[in-house]
Structures are given as C-alpha cells and as structure tokens.
Amino acid sequence: MPEHLPIILHHFDESPFSEKIRLIFGLKNIAWTSVRISRIMPRPDLMPLTGGYRRTPVMQIGADIYCDTQRIIRELEHRFPAPTLSSDRGEGLAWASAMWTDKSFFQNTVNLVFGSLADKVPQSFIEDREKLRGAKFDIAAMTAAIPQMRDQYRAHVGWIETQLAGGHPWLGGAAADLVDINAYMNVWYVRSNLAVADQLLAEFP
Ligand SMILES: N[C@@H](CCC(=O)N[C@@H](CS)C(=O)NCC(=O)O)C(=O)O
C-alpha cells in the first residue's frame, strides 16, 4: 500500500456526511486533497469512478474508491491509527453510534433543516433528491412537522448533554472519538443552516 498516494475527498461544502470526514482529517492530522462536486446530479466525472454510487462523500486513494462514511472511516483508521477513533469505552459502540446519528438523529435534523428553509430550497435540489429517494421530498410536510422534529431533535441533543454532564470532555471519554464525530454532524448541520440554531441549542451548554 504505497503511502505517497494523495488522499482525495470528493465532497461539497454543505454536506454533513462530508463534514465527518473533514473532521477526521483534522483530528488525525491527515493531509488531503479536495475535489468539490456538485450538490446535485449530474456528476459526470465522479460516476465512472464510483460505478454509479451517488451519495456524498466519496474518498479516493490512487485507483481505490471508498463509498460510504462507515467504509471511509474504517480505511482512515486502518491507515492512520493514531490518534484512534475508538472509544475509551470500546470500539463496538463507537461504530454502532452511526446507526443512531446517521439514521434517526439525522432524519430529525434533515426534516428540521429543510422544513425551516421551506421555500428557500431550490426546486432543482428537490427534484434531485426525489430521484434519489424514489419518493416525494415533501418540504410542506417537513414544515408542518417542525414542532415534532424540534422536540425529537432536542431529545437527541439532550442525550449528548447528559453524556457530557458527568464531566467527560468528550462523548467517548477523555478524547474525541467516532461517537463525537458522528453526533457532531447533526449539530453542525443545524448550526450551518438555521438562524435560530443558537436559540435552539441554548439549553444545552
Ligand atoms: N450512508 C452514507 C450516507 C451519505 C449521504 O446520504 N450523504 C448525502 C449528502 S451529505 C447524500 O449523498 N445526498 C445525496 C447526494 O449527495 O447525491 C454515508 O455514510 O456516507
């Protein structure tokens, strides 16, 4: 495995899943190269590399292409083991945390963000995400659901607050780990998009 090959991240600035990987580059002090892709399809330069996989981000090292942040993170942890992303409390839960942060937590985050942005979301973006989902990207329904989404989002952030309440500096314990990275994506996304983020998060110092 030649170490001189550049690490290339295909991503776009607003992408929360990309933010996870950018954070890991920082945490592990990994030099990387950036290819900014369009927020919506078509991505004619990237699709031949991924074989049609259209989610973001994608990592490239030489001729190897890594799709999905779980796979990307595993590869980065393997190539750059220090500092580790494993939790003080064990590796299993650190990996499993993505099933919380990337699914139910993220679902609330996305609905809250797009429901709040409402008519600011470009039609081209809505159409693109409808093609990806094979279902309606129903902004009006998301807007109507804001009260539930906000309460559920508060519950998720509340768990972070509870975990840190014992005086642990990080969710993983003494050092930042994968649980911190995974969870942070959802706080970052709300902060990046919602003017009311500070107000929403004020109860969680
Ligand atoms: N399970 C994937 C999810 C990635 C994902 O859903 N990314 C969003 C952008 S942050 C996406 O791909 N949206 C559709 C697109 O960019 O085409 C992962 O962990 O990488």
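The values are calculated or read from the model by the stated rules, or taken from the named source; none is laboratory data. Please read these numbers as outputs of a predicted model, since none were measured by experiment. Ideal geometry is used to build each Cβ from the backbone, glycine not excepted, and the neighbour counts take in all protein chains shown.
The conditions are (1) touching a Phe, Trp or Tyr at 6+ places or on another chain (Cβ under 9 Å); (2) of a type in the set (A, V, I, L, M); (3) surrounded by 13 or more Cβ atoms within 10 Å (Cβ to Cβ), and Ala31 fails exactly one of them. Which is it?
(3)
Suppose the filter is assigned to a loop (DSSP other than H, G, I, E, B), within 12 Å of the ligand (Cβ to nearest atom) and of a type in the set (D, E, K, R); does Arg74 pass it? It would help to see each step written out before you state the result.
Numbers: assigned to a loop (DSSP other than H, G, I, E, B): no; within 12 Å of the ligand (Cβ to nearest atom): yes; of a type in the set (D, E, K, R): yes.
No: the conditions fail for Arg74.
For the condition closer than 25 Å to Arg22 by Cα, among the polar types (S, T, N, Q), more than 15 Å from the ligand (Cβ to nearest atom) and more than 18 Å from the chain's Cα centre (by Cα), what is the one hit in Gln148, Gln123, Gln163?
Values: Gln148 fails: closer than 25 Å to Arg22 by Cα; Gln123 fails: closer than 25 Å to Arg22 by Cα.
Going through Gln148, Gln123, Gln163 in turn, just one is closer than 25 Å to Arg22 by Cα, among the polar types (S, T, N, Q), more than 15 Å from the ligand (Cβ to nearest atom) and more than 18 Å from the chain's Cα centre (by Cα): Gln163.
What are the residues in the stretch 120-155 that are under 17 Å from Met41 (Cα atoms), among the aromatic types (Phe, Trp, Tyr) and free of Cβ contacts under 8 Å to residues at least 60 places away in the same chain, if any?
Result: Phe137, single match.
Please determine, by comparing only the residues of the stretch 128-137 that are away from the ligand (no atom under 12 Å from the Cβ) and out of contact with any Asp or Glu (no Cβ under 9 Å at 6 or more places or on another chain), which one is farthest from Asn108 (Cα to Cα).
The extreme case among them is Gly134.
Taking the residues in the stretch 148-173 that are small (Gly, Ala, Ser) and assigned to a helix (DSSP H, G or I) as candidates, determine which candidate is farthest from Val113 (Cα to Cα).
Only one residue tops the list, namely Ala165.
Under the condition of being of a type in the set (D, E, K, R) and touching a strand residue (DSSP E or B) at 6+ places or on another chain (Cβ under 7 Å), which residue from the stretch 77-103 is nearest to the ligand (Cβ to nearest atom)?
Arg89
Quick one: which residue in Ala141, Ala135 is in a loop (DSSP other than H, G, I, E, B), farther than 20 Å from Pro16 by Cα and not assigned by TED's automatic domain parsing to the domain that holds Arg39? Break it down into steps so the answer makes sense when it comes.
Numbers: Ala141 fails: in a loop (DSSP other than H, G, I, E, B).
Testing whether each residue is in a loop (DSSP other than H, G, I, E, B), farther than 20 Å from Pro16 by Cα and not assigned by TED's automatic domain parsing to the domain that holds Arg39 leaves just Ala135.
Residue by residue, here is whether (1) more than 12 Å from the ligand (Cβ to nearest atom); (2) at pLDDT 95 or above; (3) under 17 Å from Met185 (Cβ atoms); (4) surrounded by 17 or more Cβ atoms within 10 Å (Cβ to Cβ) holds:
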| site | (1), (2), (3), (4) |
| --- | --- |
| Phe12 | no, yes, yes, no |
| Val35 | yes, yes, no, no |
| Arg39 | no, yes, yes, no |
| Thr56 | no, yes, yes, yes |
| Gln70 | no, yes, yes, no |
| Phe105 | yes, yes, yes, yes |
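Only one of these is part of a helix (DSSP H, G or I) and either touching a strand residue (DSSP E or B) at 6+ places or on another chain (Cβ under 9 Å) or within 14 Å of the ligand (Cβ to nearest atom) (or both): Ile30, Ile24. Name it.
Residue meeting the stated conditions: Ile24.
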